[in-house]
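The values are calculated or read from the model by the stated rules, or taken from the named source; none is laboratory data. On a predicted model such as this, the values are computed, not experimentally measured, just so you know. Here Cβ is always computed from backbone atoms with ideal geometry, including for glycine, and neighbour counts include all displayed protein chains.
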Amino acid sequence: MRLAATHSGRFWRLVLCLALVLAASACNYRFGGYREGQAGVETVNIPPFENRTRQIGIETLFTNELVYEVGRGDRIALAARGRADAVVHGVIKNLITNTVSRQNLNVSLERRVYVTVELTAKNRRGKVFWSYKLTENEVYFVEPDKVSTEANLRGALAEISRRIAEKFHYRFTQAF
């Protein structure tokens, strides 16, 4: 009699484990770290950004960084405009600089640059299905000569464009 009771207990534990596995799979449970992203979007096209600031040439910097970030990832791929599931448009809306530290009233030592970028994704019919506005900032040194200061600003803008591209890629490919 004792042998039958032991087998009966194992049987019910097995049934309980199977029921839990089936319930978890029926709820479409996924282990942490899995992200489905935008349903049906496997390929994107990224045309050149629109630059609404007075800083010449930064649209190329931001476009190239976004193309690089998407290209190195494994969630979505780049495609030609007519073949892509979505087109991601970028608009550099705003660029503001202000002084962070000064040597005296007339001489800046450091400045901070703020850039606001709006990214939208449209499906093949041109309907917007995803939109996000990002603002990033970076500090750069002000040098005695204008050329060096401009080079430092370009370095700060490169860092901002890298962070914006990373944030886009993460937010675009994550599940809602």
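Please work out which residue is nearest to GLU118 (Cα to Cα), limiting yourself to the range 23-73 and to residues that are aromatic (Phe, Trp, Tyr) and modelled with pLDDT of 95 or more.
The qualifying residue nearest to GLU118 (Cα to Cα) is PHE49.
Looking at this structure, is ALA158 farther than 19 Å from ILE76 by Cβ and part of a helix (DSSP H, G or I)? Please lay out each step first, then the result.
Details: farther than 19 Å from ILE76 by Cβ: yes; part of a helix (DSSP H, G or I): yes.
Considered against the rule, which asks whether it is farther than 19 Å from ILE76 by Cβ and part of a helix (DSSP H, G or I), ALA158 comes out as yes.
So how many residues does the range 65-96 have that are touching a residue at least 40 places away in the same chain (Cβ under 8 Å) and surrounded by 13 or more Cβ atoms within 10 Å (Cβ to Cβ)? Step through it out loud before you land on a result.
Taking the range 65-96 and keeping what is touching a residue at least 40 places away in the same chain (Cβ under 8 Å), we get 65-66, 68-70, 73, 75-76, 83-95.
Retained after the next criterion (residues that are surrounded by 13 or more Cβ atoms within 10 Å (Cβ to Cβ)): 65-66, 68-70, 73, 75-76, 84-95.
The qualifying residues number 20.
Across the range 97-110, which residue is surrounded by the fewest Cβ atoms within 10 Å (Cβ to Cβ) among those that are of a type in the set (S, T, N, Q) and touching a residue at least 12 places away in the same chain (Cβ under 8 Å)?
Applying the filter and picking the extreme gives ASN98.
List, please: which pairs have Cβ atoms under 9 Å, are six or more places apart or on different chains, and start with a residue in the range 47-58 that is free of Cβ contacts under 8 Å to residues at least 60 places away in the same chain and end with one that is assigned to a loop (DSSP other than H, G, I, E, B)?
Hits for this filter: ASN51/GLY57.
Residue under question is VAL117, and the condition is that it be more than 13 Å from the chain's Cα centre (by Cα), surrounded by 13 or more Cβ atoms within 10 Å (Cβ to Cβ) and either in the same structural domain as ASN45 (by TED's automatic domain parsing) or among the basic types (Lys, Arg) (or both); does it hold?
no
Determine which member of the set GLU166, GLU150 is more than 16 Å from the chain's Cα centre (by Cα) and on the phi < 0 side of the Ramachandran plot.
Answer to the check: GLU150.
Anything in the range 43-67 that is part of a helix (DSSP H, G or I) and of a type in the set (S, T, N, Q)? List them, or say none.
THR60, THR63, ASN64
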